[in-house]
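Data block below; observations after.
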Amino acid sequence: MSKTPISHPLPTTGDANKTPPLVPTPPLPASQAAAQHYLSQATSDNTRQAYRSAIRQFEKWGGRLPCDHDTLVRYLLAKAVVLNPRTLDLHLTAISQWHHYQGMTDPVRDPLVRKIMEGIRRTHGRPKQKAKALRLEHLAQMVSYLRGLPDSPRQRRDIAIVLTGFFGAFRRSELVAIQAEDLTWEPEGLLIHLPRSKTDQQATGLVRALPFGDASCCPASAIKIWMDVAGITSGPLFRPINRWDQIQPRQLNPGAINTLLKSLAQACQFDFAPDLSSHSFRRGLSTSAARERIDFELIKKQGGWRNDATVWEYIEEGQQFSDNASQILMDKVTSLMNQAGSNRS
């Protein structure tokens, strides 16, 4: 989507009617290929894919880029009832970015487009769907189910994935990206170095510590067992396994994490299986820690959250029954009723 450099005429002292020579815009400091590389790295792969998908949907509807604000208004009216307002917001952002980087007038900034989009949000907005948070009892049941299966590489891998995903509060992209070279074994446990994550796009690096615990639920021990069984000494930690129990050399597809969670939930007969996703690990760790009154900073550190507000949201969710004004008042009413009953007797 890079724009071809435009040639600019330079003033001359010669014949005024003579067409001045055209000279190209001064080249970028680096080569065009290097510049394109750095431009592409400025946006994460997931964001770039989301923008491309949004543009394709706009074009499938009949839109063409560049476009004007009238076209966008028609698009919003056509899709207002069909698409979630958050999806439409993403589409507008993608279209806006396209025009911005092409050096063209951005139709998304038109007041009419912005006002109609605000009306769509107010009319059709609905709460964002959140992944079901895994509770400690859910985790225990899943791991117990896996340990009851016949011993196999797949069983060992899945135990390591579930325990590591939960206690490390990993995103699925982080989980499947772990390399054997990212692991540092210490007497107290395992350090997992993340060269890059969703909130660390500049690759300053994050570290998740997994202390040794009881073998039944210890992620560090589960990883060690899986690596020994699979003979992994370098490369991707979590890998696909085919139907003949052959371990593949490439890293696991991120979508396999969701599939694993849903299949385990179904095997354990959880009625919320459709609501599980890889984010259930992060929500589960944070809300479970909040219910156990674990310190805010410890929760934030383990999940690698940069935004305090996000952590407080999880803490409030985990403590919404224990820190509840109604509970305190119900206890008081119960006391008063018991006292009244004693007086009558």
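Binning the C-alpha pair distances of the chain at 20 Å intervals from 0 yields a P(r) profile of 22, 43, 27, 7, 1, 0 %, listed from the shortest bin outward.
When the expected Rg is taken as 2.2 N^0.38 Å, what fraction or multiple of it is the alpha-carbon Rg of the range 244-345? Please list the in-between numbers first.
Numbers: Rg = 21.4 Å, N = 102, 2.2 N^0.38 = 12.8 Å.
Normalised Rg, Cα atoms only: 1.68.
Out of the total accessible area of the range 213-345 (probe 1.4 Å, heavy atoms of protein only), what percent is carbon and sulfur? Working shown, then result.
Numbers: 4100 of 7800 Å².
On the range 213-345, the fraction of accessible area on carbon and sulfur atoms equals 53 percent.
Rolling a 1.4 Å probe over the protein heavy atoms of the range 110-161, with every protein chain left in place, gives an accessible area that is 51 percent carbon and sulfur. Not counting the cut sites, what is the longest span of the chain without GluC sites (Glu not before Pro) that DSSP labels loop and that have at most 12 other Cβ atoms within 10 Å? Result, exposed sites excluded: 1-187. Considering helices alone, the calculated mean residue ellipticity of the chain at 222 nm is -16500 deg cm²/dmol, with DSSP H runs of length four and up weighted by -39500 (n - 2.57) and normalised per residue.
Starting with the highest mean, order 298-305, 67-74, 269-276 by the number of other Cβ atoms within 10 Å, averaged over the residues of each peptide. Write out the running numbers ahead of the final one.
Numbers: 298-305: 18.5, 67-74: 16.6, 269-276: 14.4.
Going from most to least packed, we get 298-305, 67-74, 269-276.
Provide the per residue accessible area, probe 1.4 Å, for the chain, rounded to a whole number of square angstrom.
Values: 21000 Å² over 345 residues.
Heavy-atom SASA per residue in the chain reads 61 Å².
Each residue of the range 124-135 was assigned a 3J(HN,Hα) from its phi angle through the Karplus expression (A = 6.51, B = -1.76, C = 1.60, θ = phi - 60°), giving 10, x, 9, x, 5, 6, 10, 5, 5, 6, 6, 8 Hz with x at Gly and Pro.
With the contact rule set at Cα under 8 Å and sequence spacing of 6 or more, what percent relative contact order holds for the range 170-276? Mind showing how you got there, number by number?
Working: 136 pairs, mean separation 24.1, N = 107.
The normalised contact order for the range 170-276 reaches 23 percent.
Accessible area per residue (1.4 Å probe, heavy atoms of protein chains only) ranks Met142, Met330, Met227, Met104 as Met330, Met104, Met227, Met142, with the largest value leading. For the residues Trp244, Trp61, a 1.4 Å probe over the protein chains yields an accessible-area ranking, largest first, of Trp244, Trp61.
Give the relative contact order (percent, whole number) for the chain; include only Cα pairs under 8 Å separated by 6+ residues. Computed value for the chain: 14 percent relative contact order.
Using the Karplus relation 6.51 cos²θ - 1.76 cosθ + 1.60 with θ = phi - 60°, the per-residue 3J(HN,Hα) values for the range 268-276 come to 8, 6, 7, 6, 9, 3, x, 8, 8 Hz, with x marking Gly and Pro.
A 1.4 Å probe, protein heavy atoms only, puts the accessible area of Tyr51 near 60 Å². Would you grab the residues whose amide H sits under 5 Å from the one on Gly189? Only those 5+ places off in sequence or on another chain, please, with H modelled 1.01 Å from N. Residues meeting the criterion, in which the H sits 1.01 Å from N, are Phe212.
The values are calculated or read from the model by the stated rules, or taken from the named source; none is laboratory data. Every value quoted in this text rests on a predicted model; they were computed, and no experiment measured them. When we count neighbours, we look across all protein chains shown, and the Cβ atoms used for this are built from the backbone with ideal geometry, even at glycine. Surface areas here come from the heavy atoms of the whole protein model, side chains and all, with no ligands, DNA or RNA. Shrake-Rupley method; radii C 1.70, N 1.55, O 1.52, S 1.80 Å.
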